[in-house]
Structure formats: structure tokens, C-alpha cells
Amino acid sequence: MSESLIHEIRDSFRKASLRAEAARGLKGYDWKTYRTIYAESVERQGAAEQAYRDTYDLRVEAARRWLIDQAGERKGPSLILRWFGRDGFDRAEIERQAHRMVQDNHQRTLARIEAERDTRIDTLLHQAERRKDMSEQVKQDFSKAADRRSGTGRRKGPQR
């Protein structure tokens, strides 16, 4: 199995377990915050998709120019002879590479938005777990302080 496939499966499992944990462990205000985080993420992804569709041609043109500029830079003395005056630029290859670059950048943008969402949800889960632990501790402390044993069993001072 390729390393990228293993990474993709682990990432998918982590995301699914994070969502399941959120559905199981959040209550009230935390659940509202979770839904807000998720809605903001979906909105950001939608905006990124819309911008990608609207500016695709401009992005490809900019990537094409960048590729041509990079290929045209002199990286040192070139001793390669140009046979019959042909240059090494392949217009179709540059066009394909520009499209690939734009698509890859878009996929990285979407992945970054998703990673930020997962980080925020993970932080929310940790905070909710900490609050739950503190709540349990407060309940235990209160039940200990509100002990209503009768008679001498309740007294703590010196007995007469």
C-alpha cells in the first residue's frame, strides 16, 4: 500500500472519530459552538470554491507566466547546444502544469480549511471534557460538604 493511501485512510478515520466523539460528548453551549464551527467551515469552503470557479482562468494565466519565468531564468552557464534553433518549451506541457498547479493550490486551500476546523473542534472537545471533569469534582465536593449524617457521626470537633 502506498504511503499516501495509508495517510489518507488514517486522516479519514481521525476525522470520523472526531465527529463521533463530538456527537457523543457535547451538550448545550458546546454543541452550539460545534455547529457554528462546522457552519463557518462549510461557508469558507463554499467561498473558496466560488472564488476558484470565478478566477480559474486568471489563476491559470498567472501560473503559466510563473512557469515560463522560472523556465526562462538562467540557472548557470548553459552549455547545451540548441539543435536547429528549437527551444525546449512545450506549450501544451506548460498549460497542463499550470492547470495542475491551480488545482493543487485549491485542494491545499480546502485541506487547510478542513484542518483548521478539525483543530478548533478538537480544542472544543478538550475544553468540554475539562469542564465535565470539573463539574464532576464540584458535585463530589458538594455531596461531601452537604453530608447530613445525624448525631455524633456528623460532628467533627472534640466529642463531649
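The values are calculated or read from the model by the stated rules, or taken from the named source; none is laboratory data. No experiment lies behind these values; they were computed from the predicted model shown. Because the Cβ atoms are built from the backbone with ideal geometry, glycine has one as well, and the counts that use them run over all protein chains shown.
Quick check on ALA92: is it closer than 23 Å to ARG53 by Cα, at pLDDT 70 or above, exposed (fewer than 11 other Cβ atoms within 10 Å of the Cβ) and hydrophobic (A, V, I, L, M, F, W, C)? So ALA92 passes the test.
Looking at ARG24, ARG59, ARG74, just one residue is basic (Lys, Arg) and at pLDDT 85 or above, and that residue is ARG59.
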